[in-house]
Amino acid sequence: LAQPVTPELLVSPSSQDGDVGSECPEDRGNWTGRLDFLLSCIGYCVGLGNVWRFPYRAYTNGGGAFLVPYFIMLAICGIPIFFMELSLGQFSSLGPLAVWKISPLFKGVGMGTILIVSLVAIYYNMIIAYVLFYLFASLTSDLPWQHCGNWWNTDLCLDHHLIKAGNNTFPVNITNTVSPSEEYWSRYVLHIQGSSGIGDPGMIRWNLCLCLLLSWTIVYLCILKGVKSSGKVVYFTATFPYLILVMLLIRGVTLEGAWKGIQFYLTPQFDHLLSSKVWIEAALQIFYSLGVGFGGLLTFASYNTFHQNIYRDTFIVTLGNAITSILAGFAIFSVLGYMSQELGVPVNQVAKAGPGLAFVVYPQAMTMLPLSPFWSFLFFFMLLTLGLDSQFAFMETIVTAVTDEFPYYLRPKKASFSAVICIALFLMGLILTTEGGMYWLVLLDDYCAGFGLMVVVITTCLVVTRVYGMKRFCRDVHMMLGFQPGFYFRACWMVLSPATMMALLVYNIVKYQPSEYGSYRFPTWAEVLGILMGVLSCLMIPVGMVVAVLREEGTLWERVQQASRPAMDWGPSMEENRTGMYVTSLAGSQSPKPLMVHMRKYGGITSFENTAIEVDREIEEEE
């Protein structure tokens, strides 16, 4: 008897060619809890920059008036790009490299992203290592940076207790003096006196090396099972910093002189709004704080279910991030106000940004409080949890990107592959643990995620709206969420966001300043190396174009056209979500009415299949 024949268009890709199904790649997996994705995004966006960059940027750019350009830039640049990244990841369920099936000609953008994230992951974990060092140093009854008189202190060291006594008894000249916390940071933790500059790294600091090893071990253990493990860790690392921040805030505002610092932080100076620098600073703060362009958002969204409401999540995360930055400003400046009163100097003389705030100024302020080791431990534990979940995102981005490219080989060995990546990045980061390691860290921080990252984000925005097509992208979002993005999102994607980021890029190039660390000026070769790090990620884009064009056939223009079109398998990863025009791209499907076949196979009409019917109707009208 003849075997019954299954109509070709009803054959699913997994059941074709006999036993091919057994060779299918292992499942990528999904988030296991309802809040995993949301908390991971909050943990990723709310990082060290919220604590040590935003408050300083606010007070130097008009105080309370800075919030005006900050929220305008959040609306123009932050929210739309954030939503675009989440949409791309959730729609395709692919990492930052494989997602460029949307337009293979631009796969180099994904390669550039991975290069940037890898460089950032190297030095970001070094900052976590410094935090661990201070965390362990706080486990004592007397903080080691509290007094002078240690072997690392110099004759310039001046104890703040003497200054306080001097205000009442005899005048103390504090010019050309150094605080104990500053000497502890530079001469003991970094031991920077052992290096003459970036070309002379000196010896490895083994205590820092062990802290770096510990930070990489923690990161590896948390991403061991991908989003299944990191998705659970963020329930603690994304929420606990808020508890500590509130404790530091309450302690800060109850200190004498706290109001002086808060006034300094928030007094609006509206004349600053006429300066282009303030608007650029606001856009830069939004750009780096939300972490757009690093691939982390896209990676996290790729583990969502197809109909997850990322529209709602976008507003929760972006506005939550902004509010956290403002709260952190209160916590920081209330303590700085108290510190300035204790030292008898203006607030602007004690206010600093970046590592200077986290490892010098704030630790010094902690020594002035009762129970100083307790508050110091809390502060550094908050920095640790803030830094770790951002680092999880960087690592998950790298691992997901590469495993999505080679799913058959790497997905079953994801834990081993993650270990290889962690070991490689740890070894590359060893130069940061040397006596001159801070010079290398500053170089990486200044260049690796500068203009290269902006080029990546601008290109992504232009490819999605111009090459792939705004109408088609909006239709994809409609298919996922059941509604089309409104005029606000379309206007930002088409014009406002790319134009703002172009202005940022031009401003960064025009206002370029060589790197420096304190009074140290970097040599020319180091500047060139830094610029090359930034340019290399941009060069990935033309390299990717050349590779994509060479893979096609025909004349050069025909090759470019073919390479810029979406790949045949572009679309939702799950077969049941491939409705409308995407059913025709399934293997074995040649139906002129693919939706009807799809519905006959899966049965029922859900609200999302109603959306698919509308999409089909739109396609027919266009044709």
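The values are calculated or read from the model by the stated rules, or taken from the named source; none is laboratory data. Note that this is a predicted model, so its numbers are computed, not measured. Virtual Cβ from ideal backbone geometry, glycine too; neighbours counted across all protein chains shown. Accessible surface areas use protein heavy atoms only, side chains included; no ligands, DNA or RNA. Shrake-Rupley method; radii C 1.70, N 1.55, O 1.52, S 1.80 Å.
Please count how many residues of the range 494-523 are touching a Pro at 6+ places or on another chain (Cβ under 9 Å) and either open to solvent by 90 Å² or more (accessible area, probe 1.4 Å) or over 27 Å from E182 (Cβ atoms) (or both).
Quick first cut of the range 494-523, residues touching a Pro at 6+ places or on another chain (Cβ under 9 Å) only: 496-497, 521-522.
After this cut, where a residue has to be either open to solvent by 90 Å² or more (accessible area, probe 1.4 Å) or over 27 Å from E182 (Cβ atoms) (or both) as well, the list is 496-497, 521.
Count: 3.
Considering only residues that are among the β-branched types (V, I, T) and open to solvent by less than 40 Å² (accessible area, probe 1.4 Å), look in the range 175-202 and name the one that is farthest from G356 (Cα to Cα).
I198
Is it true that Y288 is open to solvent by 70 Å² or more (accessible area, probe 1.4 Å), within 25 Å of the chain's Cα centre (by Cα) and closer than 25 Å to N61 by Cβ? Don't jump to the end; show me each part of the working.
On the way: open to solvent by 70 Å² or more (accessible area, probe 1.4 Å): yes; within 25 Å of the chain's Cα centre (by Cα): yes; closer than 25 Å to N61 by Cβ: yes.
Criteria met by Y288.
Assuming W31 fulfils every condition listed in (1) open to solvent by 10 Å² or more (accessible area, probe 1.4 Å); (2) in a helix (DSSP H, G or I) apart from one, which condition is it?
Among (1) open to solvent by 10 Å² or more (accessible area, probe 1.4 Å); (2) in a helix (DSSP H, G or I), W31 violates only (2).
Please return the ranges of helices (runs of 4 or more DSSP H) entirely within the range 274-383 where 1 or more residues are hydroxyl-bearing (S, T, Y) and without any contact (Cβ under 8 Å) to a residue 60 or more places away in the chain. Even if it seems obvious, please write down each step before you answer.
Working: elements: 276-290, 296-301, 310-343, 347-350, 362-367.
In the range 274-383, the matching helices (runs of 4 or more DSSP H) lie at 362-367.
Please enumerate the residues belonging to the range 327-349 that are among the hydrophobic types (A, V, I, L, M, F, W, C) and either surrounded by 23 or more Cβ atoms within 10 Å (Cβ to Cβ) or within 15 Å of L290 (Cβ to Cβ) (or both). Spell out the reasoning first.
Kept after step one, since they are among the hydrophobic types (A, V, I, L, M, F, W, C), are these residues of the range 327-349: 327-328, 330-333, 335-336, 339, 343, 345, 347.
Within the range 327-349, A328, A331, I332, F333, V335, L336, M339 meet the criteria.
Conditions: (1) open to solvent by 80 Å² or more (accessible area, probe 1.4 Å); (2) part of a helix (DSSP H, G or I). V547 meets all but one. Number of the miss?
(1)
F71 - would you say it is within 15 Å of the chain's Cα centre (by Cα), farther than 30 Å from L427 by Cβ and assigned to a helix (DSSP H, G or I)? Please lay out each step first, then the result.
On the way: within 15 Å of the chain's Cα centre (by Cα): no; farther than 30 Å from L427 by Cβ: yes; assigned to a helix (DSSP H, G or I): yes.
In short, no.
Quickly run through the range 254-284 and pick out the residues that are in contact with a Phe, Trp or Tyr (Cβ under 7 Å, 6 or more places away or on another chain) and open to solvent by 50 Å² or more (accessible area, probe 1.4 Å). First the steps, then the outcome.
The initial filter retains those residues of the range 254-284 that are in contact with a Phe, Trp or Tyr (Cβ under 7 Å, 6 or more places away or on another chain), namely 255-258, 261-262, 264-265, 278, 280, 282.
Correct list: E256, F264.
Quick one: which helices (runs of 4 or more DSSP H) sit completely within the range 414-519 and have at least 1 residues that are without any contact (Cβ under 8 Å) to a residue 60 or more places away in the chain and closer than 30 Å to V189 by Cβ? Break it down into steps so the answer makes sense when it comes.
Working: elements: 414-428, 437-447, 451-462, 470-481, 487-491, 497-510.
Hits in the range 414-519: 414-428.
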